[in-house]
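Engineer: My questions will all concern the structure given below.
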Amino acid sequence: MKNIYYLKARSFFQNIFILILICTASFQVEGQTITKNEKSTHEGWFYYFWREDSQGIASMTLGEDGNYSTIWSNASNFIAGKGWAQGRIDRNVCFSGTFNGGSNAYLALYGWTRNQLVEYYVIENYGTWIPLSNSTDVEYKGTFTCDGGTYKIYRKQKVNFGINPVMQYWSVRTQKRSSGTITFSKHVEEWEKYGMYLGSTMDYQLMITEGYQSSGNSNITVCSLQPSPISVSLTAPTQSTPYTAPAYLHMTATATSTSGSIEKVEFYNGTTKLGEDFTAPYSYTWVNVALGTYYLKAIAIDASGEYAKSEVVHVTVMDTPVKVVLNKGWNYIGCPLIGSTPIEIALQGIWDKVESVKDNYLFYVNTNLPFLNTLVKLNYGSGYHIKVSESCELNW
């Protein structure tokens, strides 16, 4: 399984365009068996099936509602699962069924985020090989207890194969199980203690069976438990708001609870509490904020002790703006922004005029579907070719 990182990095990005072209208008009936790369919906559930190549046998059969089954024999890397087209941090995932992982496979809650590209796993069961147990290219972070078991936390940065680096986050349960509940927010909370932040945009979130050069089978039903009765949203600042050091960040939030009144709303940067407010409208002002990127969120707590967290908002505080004049057509400029900044934020002042951006290896084209663009961030000190539709000024 140690080579899965290369295989997944190559297959996910190089084959994603092929997946789009695959016909997904198949008959939506129980018992439909899938053997070729495909993603679509079935009875309201998003499903995904992917194979690295045609070696051996691997298939996925769609069952009723959230059920699916798999069987594989001497197959290369494959993934099959059901879940949601868009993930949620506050989703509590329940699953039940049987899993026979053979020598090298696992059952996991799996997903991706964008605007920081992250691939994550919460592994619940596995074959005779314990995931990451003998891997030398991952960082072991620590353990925590959740949902009646102990999990080990790992982090891995995939090697850059012509794309931006991809971070992998892993929670590996030490007591294997094929049925139970995953409180995903608890895993996110523990990951953040080690600086392991998800991206701001959640992609699909699935309960998957994944195998690698092995044989086995599974029959899994996935569902979602009722999430927290609290709803909380960080309404300001937004990711698109520009800030210059020393910055004045006014944070506001809305919060409601179906089970009782809201006691307070706490405001955080990462895992550091900045302040709290006990009365609506909920707000906190953070002053003299230095250069850097910050991960802001709100946590609402009600009278019964229930709590919920907002989605994380990434805010970048930049130095005094540098004015750059761009002529219509192609221009070559250097990036003065500290660190690595999402392209739509770095160029937000002229974003409606940007047609293309590229460096020596990566590109962004505004007419592309988003996932076809490999250039998603601009790095300090790097040079970029930028094509604009008309002459304009960029305040960096």
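Engineer: Using the Cα centre of the stretch 323-395 as the reference point, and only Cβ charges (+1 on K/R, -1 on D/E), how large is the resulting charge dipole? Debye, rounded to the nearest 20.
Structural biologist: It works out to roughly 100 debye.
Engineer: Just from its helices, what would the mean residue ellipticity at 222 nm be for the chain, if runs of 4 or more DSSP H residues each count -39500 (n - 2.57) and the sum is divided by every residue, rounded to the nearest 500 deg cm²/dmol?
Structural biologist: Roughly -2000 deg cm²/dmol at 222 nm, from the helical runs in the chain.
Engineer: Would you mind getting me the FRET efficiency between THR272 and THR41? Use the beta-carbon distance for r and R0 = 35 Å, nearest 0.05.
Structural biologist: Approximately 0.30, to the nearest 0.05.
Engineer: Give the aspartates and glutamates reachable from LYS158 as a straight Cα distance under 15 Å; neighbours fewer than 8 places away on the same chain don't count.
Structural biologist: In chain and number order, the partners are GLU119, ASP137, GLU139.
Engineer: If we count trypsin sites (Lys or Arg not before Pro) as exposed when they sit in a DSSP loop and have at most 15 other beta carbons within 10 Å, what is the longest stretch of the chain that avoids them all?
Structural biologist: It runs 37-176.
Engineer: Hey, quick one: spin label on THR33, modelled 7 Å out along Cα-Cβ, who in the stretch 44-85 has an amide N within reach, i.e. under 13 Å?
Structural biologist: Backbone N within reach: 57-62, 69-73.
Engineer: Here's a follow-up. Select from GLY148, PRO165, HIS187 the residue farthest towards the positive end of the dipole of the stretch 135-195; place +1 on Cβ of Lys and Arg, -1 on Cβ of Asp and Glu, and compute about the Cα centre.
Structural biologist: About the Cα centre, the residue reaching furthest to the positive side is GLY148.
Engineer: Compute a Gaussian network model of the chain, connecting alpha carbons closer than 10 Å, and tell me which residue from ILE220, ILE208, ILE338 fluctuates the most.
Structural biologist: ILE338
Engineer: Of LYS273/LYS353; LYS141/LYS377; LYS186/LYS387; LYS82/LYS297; LYS186/LYS264, which ones are farther than 32 Å apart at the Cα?
Structural biologist: Check vs 32 Å cut-off fails for LYS273/LYS353; LYS186/LYS387.
Engineer: Shifting gears a bit: Using the Karplus curve 6.51 cos²θ - 1.76 cosθ + 1.60 with θ = phi - 60°, work out ³J(HN,Hα) for each residue of the stretch 187-193 in order, rounded to whole Hz, and write x for Gly and Pro.
Structural biologist: Values per residue, Gly and Pro as x: 5, 4, 4, 6, 4, 5, 5 Hz.
Engineer: Oh, and also: 7 Å from Cα along Cα→Cβ at both VAL325 and THR183: what's the point-to-point distance in nm?
Structural biologist: 6.0
Engineer: Which angle between 0 and 90 degrees, to the nearest 10, do you get for helix 4-14 versus the longest principal axis of the chain when only C-alpha atoms count?
Structural biologist: Helix 4-14 sits roughly 60 degrees off the main axis of the chain.
Engineer: For each of GLU266, GLU390, count neighbouring Cβ atoms within 10 Å of the residue's Cβ, then give the residues from fewest to most. Mind showing how you got there, number by number?
Structural biologist: Working: GLU266 20, GLU390 11.
With the fewest neighbours first, GLU266, GLU390 line up as GLU390, GLU266.
Engineer: Could I ask something else about it? At 0.36 nm per residue, and after removing the present C-alpha to C-alpha distance, how many nm does the segment from GLN55 to HIS385 gain when stretched out fully?
Structural biologist: 114.6 nm
Engineer: Considering the chain as a Gaussian network with a 10 Å cut-off on Cα pairs, which listed residue, GLN168, GLN32, GLN116, attains the greatest mean-square fluctuation?
Structural biologist: It is GLN32.
Engineer: Between ASN366 and SER259, what is the label-to-label distance in nm when each label sits 7 Å out along the Cα-to-Cβ direction?
Structural biologist: That separation, rounded to one decimal, is 4.7 nm.
Laboratory data are not the source of any read-out in this text; all were calculated from the coordinates shown. Just so you know, these numbers come straight off a predicted model, no measurement behind them. Here Cβ is always computed from backbone atoms with ideal geometry, including for glycine, and neighbour counts include all displayed protein chains.
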